[in-house]
Amino acid sequence: MFLTSLIDFTLHFHTKTNRYALKQKKETLQEIETQIEQAEEQLQEIEKGLLAASEQSNSEVLKQLGEEHRHLTRTLNKLYQQWEKITSSLDLLQYS
């Protein structure tokens, strides 16, 4: 009887903990997806600016936007990695 109660409690605790972790991961995933969308939009704007600066042969603006583009590309790659990691852990949580 005690063992059955202990198993029931353990399963309930695991399920509740799992649901909480799942909720937290989903919230984090939504935040990262929002950051990715914003970064992608910024990257598009920078690329438009690079094109315009290139057409005008404006080396100062090209240099500045080039730096911003590199920085934002690195940031975006980190966000993609975070998204992938969380997505994988969500898969594990959902099927455990």
**Item:** Subset of segment 51-91 [surrounded by 15 or more Cβ atoms within 10 Å (Cβ to Cβ) and closer than 30 Å to Leu22 by Cβ]
**Value:** Thr75, Leu76, Leu79, Gln82, Trp83, Ile86, Ser89, Leu90
**Message:** Within segment 56-69, does at least one residue satisfy the condition of being under 22 Å from the mean Cα position of the chain (by Cα), assigned to a helix (DSSP H, G or I) and at pLDDT 95 or above?
**Reply:** yes
**Asked** Among Ala39, Ala21, which is among the hydrophobic types (A, V, I, L, M, F, W, C) and modelled with pLDDT under 95?
**Response** Ala21
**Message:** Scan segment 40-50 and tell me whether some residue there is outside any helix (DSSP H, G or I) and more than 30 Å from Ala21 (Cα to Cα).
**Reply:** no
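The values are calculated or read from the model by the stated rules, or taken from the named source; none is laboratory data. This structure is a prediction, so every number in the text was calculated from the model and none was measured. Virtual Cβ from ideal backbone geometry, glycine too; neighbours counted across all protein chains shown.
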